Amino acid sequence: MNLVLANNISKTYCAGDVEVQAIKSVDFAIKPASFVSFVGPSGSGKSTLLNMIGCLDHPSSGTLEVVGTDIRNLDRKAAARFRGENIGFIFQDFNLIPVLTVEENIEYPLLMVQDWTAAKRQQRIEELLEEVDISAQAKKYPHQLSGGQKQRVAVARALATHAKLILADEPTANLDHDTAYRIIDLMKKMRDDYQSTFIFSTHDPKIMDAAEIIYTLEDGKLNKQSGSENHE
């Protein structure tokens, strides 16, 4: 079974009277519990591809199935619900809500999408706080945290709803070298613990070294190469 399956997908944008083909006839398959990286220079199409996998955009042609659903058939409301139930996001600049505490940031997707009782939400929050080792920061606000702590909160938030798929856009770009490695190790641990798939869009060689599969994008075209499993 594939968690993500792309068959001959393309994406074309219109810039005035000019058509720009950002993704060109791409095929790939990603299995559950994978650690996958899309890499390539700026403008190569990797962010476009991540947005389509995350149901933030649709292919112009071809088929794209995510968690068994053909995303072309989802309207905006259905896509939002599907994302909330199946997909978590981790961003380069963390995207934490500044007026919410750490635990409230983790709780936020549970409030937005799932009909969980307050007791069940609290149990899940405490579980994740412990998993990512930030229980001591539960009552703090984002501005009181280090970059590494913020990204730990972001990882916990992405997994709050038991998301099957985590999309991470340059998640280590704003972290120092040692903190970046700790966050990568944390994400691999969370993958192992929850059997979630992590898909990265990145320039960071540290993530590329950790990836089990690397897809290289250039001018909207995709090449696949082995990752860390075959480096050893």
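Size descriptors for the stretch 1-134, from the alpha-carbon set: Rg then Dmax equal 17.5, 55 Å.
Per-residue ellipticity at 222 nm computed for the chain from its helices equals -11000 deg cm²/dmol, with DSSP H segments shorter than 4 residues left out and the rest contributing -39,500 (n - 2.57). Around the Cα centre of the chain, unit charges on the Cβ atoms of Lys, Arg, Asp and Glu (plus for the first two, minus for the last two) sum to a dipole of about 460 debye. The Cβ shell under 14 Å around D169 holds other residues with a net charge of -3, Lys and Arg each +1, Asp and Glu each -1. Measuring between alpha carbons in the structure, the pairs from K11/K189; K46/K150; K31/K139; K120/K189; K24/K189 lying more than 26 angstrom apart are K11/K189; K31/K139; K24/K189. The stretch between S61 and K140 holds 23.9 nm of extra length on full extension. This uses 0.36 nm per residue minus the Cα-Cα distance. Counting only residues at least eight positions apart within a chain, or on another chain, the aspartates and glutamates with an alpha carbon under 16 Å from that of K140 are E103, E104, E107, E126, E130. About its Cα centre, the dipole of the stretch 135-205 is roughly 380 debye, where the only charges are +1 on Lys and Arg Cβ and -1 on Asp and Glu Cβ.
Can you give the net charge of the other residues whose Cβ lies under 14 Å from the Cβ of D57, counting K and R as +1 and D and E as -1? Overall, the nearby charge balance is +3.
Beta bridges per DSSP, both residues in the chain: antiparallel share near 55 percent.
Between Y108, Y181, Y13, the Gaussian network model of the chain with springs among Cα atoms under 10 angstrom shows the greatest mean-square fluctuation at Y13. Taking one quarter of the surface of the C-alpha convex hull of the stretch 90-232 gives a mean projected area of 9.4 nm². Note on the stretch 75-232: dipole from Cβ charges, positive end direction compared against A211, L100, Q225; the farthest Cα belongs to L100. In straight-distance terms, cross-link reach from K77 covers every one of the aspartates and glutamates whose alpha-carbon lies under 14 Å from its own, apart from those fewer than eight places away in the same chain; here that gives D57, E85.
Ordering of 14-25, 119-130 by packing is 119-130, 14-25, highest average first (other Cβ atoms within 10 Å, averaged per residue).
First select every other residue whose beta carbon is under 15 angstrom from the beta carbon of K221; then total the charges, Lys and Arg +1, Asp and Glu -1. Net local charge, K221 excluded: +1. Using only alpha-carbon positions in the stretch 107-149, the gyration tensor eigenvalues give semi-axes of 21, 12, 8 Å once each is multiplied by 5 and square-rooted (largest first). Normalised by residue count, the stretch 126-170 yields a Cα convex hull volume of 79 Å³ per residue.
Each reported figure results from applying straightforward, stated rules to the coordinates on display, with no laboratory input. The structure displayed is predicted, hence computed values, not measured ones. With ideal geometry, Cβ positions are generated from the backbone for all residues, glycine too; neighbour counts draw on all protein chains shown.
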